[in-house]
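Notes follow once the structure below has been shown.
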Amino acid sequence: MRICANEECQIEFEPNTHNAIYHSPECRRVVTNKKILAKYYEKKEKIYTDRTCVTKNCITILSSYNDEDICEPCKVERLIQRLSSWGWDEEELRDEWRY
């Protein structure tokens, strides 16, 4: 016996297959639709709100097409710092990644 994975349901059921986590197709559909709506509103919020880069001292406003929370120049700087800590030549990296 298992308990339905839907938090609102929590019905105990006997699964017909080894990987069943919901007690019925309707219950599965409800959970799937909630996840779809949550992603829709998250994407809508990202498009219509001004997001800024999360790194310290950066005030770059991110594009709505940028799925990450960091701007590209900060991402390159983070990569250069990581590679130079591993022994790469920082000057060569900066010449290669210059904007």
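The values are calculated or read from the model by the stated rules, or taken from the named source; none is laboratory data. Computed from a predicted structure; not experimentally measured. Methodologically, a virtual Cβ is constructed for each residue, glycine included, from the backbone with ideal geometry; neighbour enumeration extends over all protein chains shown.
Considering (1) basic (K, R); (2) under 30 Å from V76 (Cα atoms); (3) not assigned by TED's automatic domain parsing to the domain that holds D69, the lone condition that K56 does not fulfil carries the number (3).
Of the residues that sit in segment 67-99 and are assigned to a helix (DSSP H, G or I) and over 28 Å from the mean Cα position of the chain (by Cα), which one is surrounded by the most Cβ atoms within 10 Å (Cβ to Cβ)? Residue satisfying both the conditions and the ranking: L93.
The residues of segment 12-23 that are surrounded by 13 or more Cβ atoms within 10 Å (Cβ to Cβ) and either of a type in the set (V, I, T) or at pLDDT below 90 (or both) amount to a single one, I21.
Within segment 17-66, the set of residues being part of a loop (DSSP other than H, G, I, E, B) and of a type in the set (K, R) comprises R51, K56.
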